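Have a look at the structure below, then the notes.
The values are calculated or read from the model by the stated rules, or taken from the named source; none is laboratory data. Predicted model only: the values in this text are computed from it and were never measured. Ideal geometry is used to build each Cβ from the backbone, glycine not excepted, and the neighbour counts take in all protein chains shown.
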Amino acid sequence: MNTKLKPHSDSESAHITPAGGNIFADLGFAPQEAAALQAQSRRIISDKIAIKEKLMDELALWIATENLKQADAAQILGVSRPRVSDVINKKTPKFTIDALVDMLARAGRRVQFQIA
């Protein structure tokens, strides 16, 4: 277990799993189960990022198709201009799927999904 323990206080974490570590192993799961849980977690995260990127692509396409400046798009979408820039630059951690769907709705776009 490659972890770092720190003194516990109300404002500090008592345990930190390092980048590249396996939180499930640190929580005491058996090695094989920890690896399976980590792989499953990574798949879920990857799927969510792909959904966000697709929604961002659609917003960027709408902005380009409508020939909008970021400030104009921001006003229509009900967000700040820097948020529009974050969408165009695909800064996925800054957005929830719900926020992106809301922006697409404000742009007059319907979001449909299919479960495979």
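Could you look through segment 30-66, keep only residues that are among the polar types (S, T, N, Q) and either closer than 30 Å to R81 by Cα or touching a helix residue (DSSP H, G or I) at 6+ places or on another chain (Cβ under 7 Å) (or both), and pick out the one that is surrounded by the most Cβ atoms within 10 Å (Cβ to Cβ)?
Going through the qualifying residues, I end up with Q38.
Identify, by number, the condition in (1) at pLDDT below 95; (2) not in a loop (DSSP other than H, G, I, E, B) that A60 doesn't meet.
Result: A60 passes all but (1).
If we keep just the residues of segment 47-90 that are farther than 14 Å from A107 by Cβ and of a type in the set (A, V, I, L, M), which is farthest from the chain's Cα centre (by Cα)?
In this case the residue turns out to be A71.
I need a count of the residues in segment 95-106 that are in a helix (DSSP H, G or I) and either more than 19 Å from Q75 (Cα to Cα) or touching a strand residue (DSSP E or B) at 6+ places or on another chain (Cβ under 8 Å) (or both).
Adding up the residues that qualify gives 1.
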